Amino acid sequence: MLSRNEAKYIQSLGYKKQRNQEGLFLAEGVKLVEELLNSSYTIRKVYSVADWLKDNKQENVDMVEVNEMELQKLSSLQTPNKVVAVVQQKKAEAPKIAGRIGLVLDGIQDPGNLGTIIRIADWFGIKEIICSDDTADLYNPKVIQSTMGSFVRVNVWYG
């Protein structure tokens, strides 16, 4: 059972100010959460429906079973998936581009475009992206969704 306060708190992570203040972000969907479970990101809590939870239970991650209605309240998607995770943000490491190909992005405002660029960079093996400070926030839910999990393999640095 999900409390009203917990649901409001999770919904608040959709806003940049709250994400930065808490150092957390949301990841929605089976593929994203599976990528995160197999990455170095720290997952604070996973909320999922019973069938997903049964198949993906992990001892070191706090997992909460919710029903479809509760999951819909947590989701920013029009059609909610089976799982939502609250994840600790990572401090980006200074890029190590010497002898490697990297990307430099200036002023990418649309979160969907940034997520797509990160996904394509990952596909091409580009592991370092440097963004200007006016580029969309990496942990914006639309960026995370658009990367389809690729953000766990690409170092995105703002500066």
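Nothing in this text is a laboratory measurement; each read-out follows from the coordinates by a stated rule. From a predicted model like this one, the values you see are computed outputs, not experimental measurements. Glycine also receives a Cβ, built like all others from the backbone with ideal geometry; neighbour counts cover every protein chain displayed.
Of interest is the spacing of the C-alpha centroids, which for segment 80-124 and segment 15-58 amounts to 17 Å.
Across all Cα pairs in segment 53-159, the calculated P(r) in 10 Å bins from zero up to the longest distance comes to 14, 39, 29, 17, 2, 0 percent per bin. Residues whose amide H falls under 5 Å from that of Met63, counting only those 5 or more places apart or on a different chain, are Val46, with hydrogens built in the peptide plane.
Give the peptides 134-144, 99-109 in descending order of average Cβ contacts within 10 Å, highest first.
Packing order, densest peptide first, comes out as 134-144, 99-109.
Think of it as helices only: each DSSP H run of n ≥ 4 in the chain is worth -39500 (n - 2.57), and spread over all residues that comes to -10000 deg cm²/dmol at 222 nm.
Among the trypsin sites (Lys or Arg not before Pro) within segment 21-94, which fall in a DSSP loop and have no more than 12 other Cβ atoms within 10 Å of their own Cβ? Walk me through the intermediate numbers first.
On the way: sites: Lys31, Arg44, Lys45, Lys54, Lys57, Lys73, Lys82, Lys90, Lys91; in loops: Lys57, Lys82, Lys90, Lys91.
Sites meeting the loop and neighbour criteria: Lys57, Lys91.
In summary, the aspartates and glutamates within cross-link reach of Lys96, defined as a Cα separation below 18 angstrom excluding same-chain residues under 8 places away, comprise Asp122, Glu128. Taking Cβ atoms as reference points and 13 Å as the exclusive limit, the residues near Thr79 contribute a net charge of -1, counting Lys and Arg as +1 and Asp and Glu as -1. In terms of distances greater than 28 angstrom between alpha carbons, the cross-link table entries Lys16/Lys54; Lys16/Lys57; Lys31/Lys54; Lys31/Lys90; Lys57/Lys127; Lys17/Lys54 yield Lys16/Lys54; Lys16/Lys57; Lys57/Lys127; Lys17/Lys54.
Take the chain and mark each of the GluC sites (Glu not before Pro) that is in a DSSP loop with at most 15 other Cβ atoms within 10 Å; the longest unmarked stretch, sites excluded, is 94-159. Spin-label model, Arg4/Gln89: points 7 Å from Cα along the beta carbon direction are separated by 2.9 nm.
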